[in-house]
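S.K.: Can you keep this structure in mind? I'll have questions shortly.
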Amino acid sequence: MRWAAGIVLALGAGVGSAIGGPVWTSFGQWSSGGLEWLVWLMALLFYGIPGLVITGVLATAFLRLGLVGERDAIMTRMALGEQRGDIVRAAARAGTRAGLIASAVGVPVGMVIAQVTDTGALMSSRNFPDDPSLQWGAIAWSVAVAAGFTAVGAVVHAIAFAAVTRGTPDAMAAASAAGTEVPHSPVEPVKRWHRAARAVPVVAFVLGMGVVVLNRAVPLDAWAMEHLSPAGWLMVTKNIGLMVAVVAAVWVAYHLLGWAAQRLVRVASAILGRGDATGGRAFAADGLARPTETRRRSLAVTGVIMTLWVWAIAASGAEEAELNAGLALDADAIVTSVDPWSGSGVPSGLTQFGLDQAVIDALTTNPDLRVIPARMLIEEPGLVYFDDGVTSEELDFQELSLAVERKDADAVAPDAYRTLGLAAGVRLTGRDSEYLRDFEWASINCCTEGVGEIDTWVGGTPIYSVWSHAPMPTVDGAWARDIWGDAPVSALLVFGAGEPDEQFGMPRSSVIAAVEEAVPEGSGFVLTADATTGWISYTNDALAMIIGVFGAVVAVVLSAGVASASTRSRRRELATFAALGASPRSLRAAPVWEAVVVSGAAVLAGTVVGAATAVTLGNPFLLTPGAPFDLSEIAWHMGRDLAAVPWVIVLAGAVVVMSASAVVAWLLGRGMASGTPVDELRAADREGVR
């Protein structure tokens, strides 16, 4: 299984290098004031260290699976006088070579992928747009990735060999006979600090979840900015708590998945042998009924990988649904009664300046148009400091939003606004800079997210802003009327007939002509997206794709490795069955059944937990700090996210994982069945199978 550990290291190095971005581009991160170190620090905290740890854990799991068959040889070497330290140091040197080879393969591939995709250089050096240059930061990041994964190779090899050489040769022999990887000597009792260390993950999980719940109820960043000076210490503490929660949650998931998969294996083994007393299913059930430490850990690791893979696929499906909702709401034109370029001087609240009824009738009765009525919500005038690098000035502005009732919008785009997260107390951010082009402050507040206020004549009204593909900032119409009273229709979102475009910001000329004809000069303002800025939006699922590809490859390799180790561990038993008269067909079938049950249990447990993770973390109202807590909206979004999961892809992935384990087990079983029982017993002795 060292080959599998090498594949994981190479994959991790490739992904890590690709994250740094292309080495030649004009689309880099420009910063001033010497803040490059902050970019590096954030990248290390959120990408580097987690990537090294996850890859190291997976590589260690593969190495320990591979060492199951080498325990007798290692035990013999130690019994003949070879020191444990010498064995571990030799393993570390071999791991360094493996890490160098993996980095030499993975890092160049990752750099090529980053250069071809050219999505922006996260670790770029300081540069300006439209000025292609060599990104020394991306190159340095790739060098750091290579060094990091070389070190990881050394560390994981040392850890794996240290684990299997723990204790005396007699304790190692007992562990080998018991089917465990970690020997425990009876003369080496478990130390007190070991017992205390076992409680650390539990305590960390409880504390981390406490921070998550507290931050959900009271957004700590906003609270700190309002009540503390300085506020940074609480914000940093909160971030540390959230990171602890993530790490501890992975630990809990590991043990939960191992426990659940073992229960599934136990149930399957009880069913498998029924009606097949001497066949392959009975032999497989006999082996499955006896739990081993190798199988428990393999089930847990495979379950975690499947969880990550299904979560990535499910998150991609949910984002695709949100993208389609945004495209369905991509208005060809927006007609307003208030000049959105006025800057100031308009009374705040829901404006009482409604559109002429003749304009409303002309547009709503046109069979070639679809219309969503709305009301304009105007905020109190404010000042903003604007600096575009050429000029700097203070500008008067009044931020505006559209108050839309979901039932009105559903007639044109069913559930589109709800899919984006529109609800009472929520404001969707929008693409208003496309409609209010050439207006300096248009994009200043377009992407504000989180807890905030709408400042009007009634005072500050709490609002939670969610980033979205809505055409303009949007609030719920019924909620707005409850606060600011009723108001006439002051805006119309106009769409052409037929299916939505697959491209944002490309208004249809026929719709614009119809709108201009229906809105005489002086009776309204027509906003359209600039046709020259039309852009195609793809789901922003780069992270999900990376996790998906990484998880899929690792899951296939892991399932195949587990099947190989499991089949080899039963070589002596199957040889004994052959000597007692078992048919070659049953001997070939037994490993396949066992592999399918083990991989199927891990896949099922991982799929359930992965889907649950996706609908929980992706829900805009469940764990998001400061978001309105509405059980009906929480349940609706969970159902929508589950429906958006591409289950065909999930099923195909599960079939591939199970098929890989079945094929490996069948090949090994066929080889065992073709030999004589004596030959298989000798092979079992050579491989250290008890």
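S.K.: If a residue has to be surrounded by fewer than 21 Cβ atoms within 10 Å (Cβ to Cβ) and farther than 15 Å from ALA321 by Cβ to count, how many in region 627-651 make the cut?
M.R.: 10
S.K.: Something else now. Kindly indicate whether any position in region 372-385 is closer than 20 Å to ARG508 by Cβ, of a type in the set (Val, Ile, Thr), surrounded by 21 or more Cβ atoms within 10 Å (Cβ to Cβ) and modelled with pLDDT of 90 or more.
M.R.: yes
S.K.: Any idea which of ILE271, ILE378, ILE372, ILE313 is without any contact (Cβ under 8 Å) to a residue 40 or more places away in the chain and of a type in the set (Val, Ile, Thr)?
M.R.: One residue alone meets the criteria, ILE271.
S.K.: Applying the selection to region 465-502, what residues are over 23 Å from THR624 (Cβ atoms) and open to solvent by 60 Å² or more (accessible area, probe 1.4 Å)?
M.R.: ARG481, ASP486, GLU499, GLU502
S.K.: Right, something else. Taking only region 478-500 into account, find how many residues are under 34 Å from the mean Cα position of the chain (by Cα) and either within 25 Å of ALA518 (Cα to Cα) or in a strand (DSSP E or B) (or both).
M.R.: 2
S.K.: Here's something else I'd like to know. Here are some conditions: (1) open to solvent by less than 30 Å² (accessible area, probe 1.4 Å); (2) modelled with pLDDT of 90 or more; (3) over 29 Å from ARG481 (Cβ atoms). PRO367 meets all but one. Which one does it not meet?
M.R.: (1)
S.K.: Let me ask you something else. What are the residues in region 601-619 that are surrounded by fewer than 21 Cβ atoms within 10 Å (Cβ to Cβ) and modelled with pLDDT under 90, if any?
M.R.: LEU617
The values are calculated or read from the model by the stated rules, or taken from the named source; none is laboratory data. These numbers were taken from a predicted model, which means no experiment stands behind them. Don't worry about glycine lacking a Cβ; one is built from the backbone with ideal geometry, like all the others, and counts go over all protein chains shown. Only protein heavy atoms, including side chains, enter the accessible area calculation; ligands, DNA and RNA are left aside. Shrake-Rupley method; radii C 1.70, N 1.55, O 1.52, S 1.80 Å.
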